1. Any idea how far apart Ala72 and Ser160 come out in nm if each label point goes 7 Å out from Cα toward Cβ?
2. Roughly what would the spin-label model give for Gln104 and Ala91, points 7 Å off Cα along C-beta, in nm?
3. Using the Karplus curve 6.51 cos²θ - 1.76 cosθ + 1.60 with θ = phi - 60°, work out ³J(HN,Hα) for each residue of the range 144-158 in order, rounded to whole Hz, and write x for Gly and Pro.
4. Counting only the backbone N, which residues of the range 175-203 are under 15 Å from the spot 7 Å out from the Cα of Arg151 toward its beta-carbon?
5. So what are the radius of gyration and Dmax for the Cα set of the chain, in Å?
Amino acid sequence: MIKRDSGFSMVETVVVVVIIAIVLAFAIPQATTAMRDYRLHSDASAVASQLNVARMRASSQYAPYRLVVNIAVGTYWMEKLCGLTTSTTDANCTSAYQPRTTAQIEGGTQYVGTKDKYATCRPSSVSAYPGTIQGDLSPCPAPLYVYFNTRGSPVDNTGSPLGNGGAILYLSNTSNMVDAVVVSVGGSVTVYQWETSSSTWSAR
């Protein structure tokens, strides 16, 4: 009796390769999109965390702080402001909410993810405002400054309470996904995600 060698025929091998190629053709774009979306959510959470740190530093250090977001470049940093330092000590300190002559940046400069971008006015693909936000500021501020007073409350650059329902930063990616980081007038920081299917914001 002759024993045949076991193995796969050329036809069987080609069929398996074709099936794998089809599966990869569907899986790779979905995996790429998922990674982009995850990166966007991560960027929004990082900005929210930095805002919370600035708020806590302002109250614990008893000095105004601000978060500066460079819209065009995609960077942000936290900065301690003049506070009680007078102009006789630092010529730039003509008010509590002025930056010092030598910027007091804490934690270094942070960067947004590759191909993600910032905006301070609502993207055209979004039809509603998130959380407490009531409208766009005009003109759309760039860079964006978010100030906190010595009680950790968000204020403008004169120390007055925020209008417009608070401060907002939109983040978007090449998949047309949009997140928003909202600082309410009361000081809470919330990240929202735009749900395209229902045209609504959901808190994350």
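Taken together, the values in this text are just the output of simple stated rules run on the coordinates, not laboratory data. Nothing here was measured: the structure is a model prediction, and the numbers come from that model. Cβ: placed from backbone, ideal geometry, glycine included. Neighbour counts: every protein chain shown.
1. Using points 7 Å along Cα→Cβ, the separation is 2.8 nm.
2. With each label placed 7 Å out from Cα toward Cβ, I get 2.0 nm.
3. Along the range 144-158, the couplings run 9, 10, 10, 9, 10, 7, 6, 9, x, 8, x, 9, 8, 6, 10 Hz.
4. 185-188
5. Using the Cα atoms of the chain, the pair Rg, Dmax is 24.6, 106 Å.
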